[in-house]
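Student: The following block contains the structure, expressed as structure tokens.
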Amino acid sequence: MAKRSPSGGPTRLIREILHVPTGERRRTDDGWLDAMPDDEFVRARRRATTARNSGASEWACAACGHPAYPSRHHLTGLRHFRHFAGAPADCPWHQDDGFDLAELDTLRFGGKGEGARHREVKRFLMHMTSVDPRFSPPNVANYDPYKEHWVTAANGDRRRPDVYRHLHGNPIAFEIQLARTYLNAIQGRETFYQEQGIRLAWVFWEFEKVRDHLSAQDIYHFNRSNALSLDQEAVEQSLSTGRLQFRVWWWEHVLDSWGKPGRVWRERFVDVDELLWDPESGLPYLVDPEAMRVAAEEERKATKARRVAALADGVAAIWAVEADRHPWRLSDRGFDRETYERFTEPPWRTLARAVGCTVSWDEASEEYGCSSVLPLLHAIRDGRGYGGMNLAAVVMNLLEHRRWATHAVVAVARAYGRRDVLEERLKAATKVRRNMREAFQGVPGSTPVRQMDEVLATLFPEAAEAIRQPWPPQVALEHVRAQAEAPDPER
């Protein structure tokens, strides 16, 4: 429970909590509970109550070991832990509210029962479910459409819903949620109706005014962040059409202008037939925000993959050609700057940005020689010569003059079936081993430029996994280390 400290600020009474399943002990004043997202906080509350109802514990007071549950102070909003009923009186962190649940409910309603608004909403639902032909009477004795009726389970447990009807032959209970309700009562009703095969619809009045209440969150977070609400407009629209309608609110996942994920409330009027019913919980919803988020994320990934593939095709179309067919070469062998700018740099720059490469084209071209590395790697991929060199000469040229790209040469040759020009040629194999040693020793120009690996992996997808691997490979690395550590026989 949150009380006031001597300094006047709120403090948490249960100062340390034990997470029973893992045995982890945590202080309650270090911010983790306040930082927990609302939906996660509600799920934690539900898990604690479910465990308590089954005789187990999700959380326990670290002082006395009695089960506890996450809560929130109704005035300060401070999140804290409370003991479930029955905590030992000698616990130093025990709070005694002085009332049982029934007494607290009486105080909450001021001794006036459910209140006028509750009665009005209930009478409206009774009326609409009597005149709307989609609803029919439930199977209860002495049925009266304007009275409440008990629903009794086989074990004798029973509930009296605010409104009980059949909708298209399916039993449905409407429970009106206006005041703050204890989580134990919420879960108790949901579990009871679920076990009886009865659909349950929690109904709020002007939901937007109560959606920050913890009891409202206990309901809608467990219902795919959907909430059924009535207001004056919904009432008038239902009465005018003779068909029950609600204003449904739901959370929708969005990205702000910086790409940071967030959530916003959406709402619209919904005919009761538009509602979907969860087959397990029996609760109604209009949209599934989490499914929408996952689908949107998958579509973003697919869109990015298609975009990157298109960019890779654009880069490859420029570089995977013979030297005498470069699109930026003029007929007199001069340099066509306009074509170069139009077709070469933009695809590279955009592709590099799309895959997270920070190397500019000027740096890639001038410092690392990508203007020769890329066409030569494509020549290896296609099994052909380039610029007057046959394939074996292409490989030797790359291994000698662009040693940083040795890992890509090996990966592309193996992935595209060109191992013969690499592993079956003594000079090529010797150069690979030399370049491995130099990479291990950190010789300038011999270590892979890891910032460009994603570009290379995108251009040569069959070799992507090998391109991304550490270089030298582990087996070769161990061999190089052994050679480096071996004593010099001439000393």
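Student: Yes or no: segment 375-389 includes at least one residue that is among the β-branched types (Val, Ile, Thr), surrounded by 15 or more Cβ atoms within 10 Å (Cβ to Cβ) and modelled with pLDDT of 85 or more. Lay out the reasoning, then the answer.
Tutor: First, pick out the residues of segment 375-389 that are among the β-branched types (Val, Ile, Thr): 380.
Now restrict to residues that are surrounded by 15 or more Cβ atoms within 10 Å (Cβ to Cβ): 380.
Restricting the remaining residues to those that are modelled with pLDDT of 85 or more gives 380.
Scanning segment 375-389 turns up at least one residue that is among the β-branched types (Val, Ile, Thr), surrounded by 15 or more Cβ atoms within 10 Å (Cβ to Cβ) and modelled with pLDDT of 85 or more.
Student: Is it true that Ala56 is of a type in the set (Gly, Ala, Ser), part of a loop (DSSP other than H, G, I, E, B) and either modelled with pLDDT of 85 or more or under 25 Å from Trp251 (Cβ atoms) (or both)? Give the derivation first.
Tutor: Values: of a type in the set (Gly, Ala, Ser): yes; part of a loop (DSSP other than H, G, I, E, B): yes; either modelled with pLDDT of 85 or more or under 25 Å from Trp251 (Cβ atoms) (or both): yes.
Judged against the criteria, Ala56 is a match.
Student: Can Glu485 be described as surrounded by 15 or more Cβ atoms within 10 Å (Cβ to Cβ), among the charged types (D, E, K, R) and at pLDDT 65 or above? Can you show your working first?
Tutor: Numbers: surrounded by 15 or more Cβ atoms within 10 Å (Cβ to Cβ): no; among the charged types (D, E, K, R): yes; at pLDDT 65 or above: yes.
Criteria not met by Glu485.
Student: Something else about it: Within segment 132-166, take every residue that is at pLDDT 90 or above and of a type in the set (A, V, I, L, M) and give me the one that is farthest from Gln237 (Cα to Cα).
Tutor: Ala154
Student: For segment 156-195, enumerate the residues that are closer than 21 Å to Ala51 by Cα and out of contact with any Ser or Thr (no Cβ under 8 Å at 6 or more places or on another chain). Spell out how you get there, then give the answer.
Tutor: Let us first name the residues in segment 156-195 that are closer than 21 Å to Ala51 by Cα, namely 157, 181-195.
The answer is Asp157, Ala185, Gly188, Arg189, Thr191, Phe192, Tyr193, Glu195.
Student: If you don't mind, there's one more thing I want to ask. Within segment 126-165, track down each residue that is within 41 Å of the chain's Cα centre (by Cα) and of a type in the set (Lys, Arg).
Tutor: Arg134, Arg158, Arg159, Arg160, Arg165
Student: With (1) more than 28 Å from Arg349 (Cα to Cα); (2) at pLDDT 85 or above; (3) surrounded by 15 or more Cβ atoms within 10 Å (Cβ to Cβ) as the list, and Leu426 as the residue in question, which single condition is left unmet?
Tutor: Condition not satisfied by Leu426: (3).
Student: Can you pull out the helices (runs of 4 or more DSSP H) entirely within segment 379-449 that have at least 2 residues that are among the charged types (D, E, K, R) and more than 44 Å from the chain's Cα centre (by Cα)?
Tutor: Numbers: elements: 391-401, 406-415, 420-423, 426-441.
Of the helices (runs of 4 or more DSSP H) lying wholly inside segment 379-449, those with at least 2 residues that are among the charged types (D, E, K, R) and more than 44 Å from the chain's Cα centre (by Cα) span 420-423, 426-441.
Student: Something else: Could you list, in sequence order, the residues of segment 410-427 that are aliphatic (A, V, I, L, M) and without any contact (Cβ under 8 Å) to a residue 24 or more places away in the chain? Full working, then the answer.
Tutor: Initially, segment 410-427 is screened for residues aliphatic (A, V, I, L, M), giving 410-413, 415, 421-422, 426.
Residue satisfying the conditions is Leu426 alone.
Student: Restricting to segment 167-201, what's the tally of residues that are assigned to a strand (DSSP E or B) and either at pLDDT below 90 or in contact with a Lys or Arg (Cβ under 9 Å, 6 or more places away or on another chain) (or both)? Give the steps one after another, and end with the answer.
Tutor: Narrowing segment 167-201 to residues assigned to a strand (DSSP E or B): 167, 170-177, 199-201.
Keeping just the survivors that are either at pLDDT below 90 or in contact with a Lys or Arg (Cβ under 9 Å, 6 or more places away or on another chain) (or both) gives 167, 170-176, 200.
Of the residues in segment 167-201, 9 are assigned to a strand (DSSP E or B) and either at pLDDT below 90 or in contact with a Lys or Arg (Cβ under 9 Å, 6 or more places away or on another chain) (or both).
Student: Quick check, is Phe269 under 18 Å from the mean Cα position of the chain (by Cα) and either of a type in the set (Ser, Thr, Tyr) or surrounded by 12 or more Cβ atoms within 10 Å (Cβ to Cβ) (or both)?
Tutor: Details: under 18 Å from the mean Cα position of the chain (by Cα): no; either of a type in the set (Ser, Thr, Tyr) or surrounded by 12 or more Cβ atoms within 10 Å (Cβ to Cβ) (or both): yes.
For Phe269, the condition - under 18 Å from the mean Cα position of the chain (by Cα) and either of a type in the set (Ser, Thr, Tyr) or surrounded by 12 or more Cβ atoms within 10 Å (Cβ to Cβ) (or both) - is not met.
Student: Now for a separate question. List the residue pairs whose Cβ atoms are under 7 Å apart, where the first residue sits in segment 269-293 and is more than 24 Å from Asp132 (Cβ to Cβ), the second is among the small types (Gly, Ala, Ser), and the two are 6 or more positions apart or on different chains.
Tutor: Short answer, once both residue conditions are applied: Pro289/Ser225.
Student: If you don't mind, there's one more thing I want to ask. Would you check if Asp212 is surrounded by fewer than 20 Cβ atoms within 10 Å (Cβ to Cβ), among the charged types (D, E, K, R), more than 30 Å from the chain's Cα centre (by Cα) and in the same structural domain as Val264 (by TED's automatic domain parsing)? Reasoning before the result, please.
Tutor: Values: surrounded by fewer than 20 Cβ atoms within 10 Å (Cβ to Cβ): yes; among the charged types (D, E, K, R): yes; more than 30 Å from the chain's Cα centre (by Cα): no; in the same structural domain as Val264 (by TED's automatic domain parsing): yes.
No: the conditions fail for Asp212.
Results for (1) without any contact (Cβ under 8 Å) to a residue 40 or more places away in the chain; (2) within 22 Å of Ala44 (Cα to Cα); (3) in contact with a strand residue (DSSP E or B) (Cβ under 6 Å, 6 or more places away or on another chain), shown as yes or no for each residue.
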position: Glu195; (1), (2), (3): no, no, no
position: Val203; (1), (2), (3): no, no, yes
position: Phe222; (1), (2), (3): no, yes, no
position: Val235; (1), (2), (3): no, no, no
position: Gln245; (1), (2), (3): yes, no, yes
position: Val264; (1), (2), (3): yes, no, yes
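Student: Across segment 272-317, what is the total count of residues that are surrounded by fewer than 12 Cβ atoms within 10 Å (Cβ to Cβ) and either of a type in the set (Lys, Arg) or part of a strand (DSSP E or B) (or both)?
Tutor: 3
The values are calculated or read from the model by the stated rules, or taken from the named source; none is laboratory data. Computed from a predicted model, the values in this text were never measured in an experiment. Backbone-built Cβ (ideal geometry, glycine too); neighbour counts: all protein chains shown.
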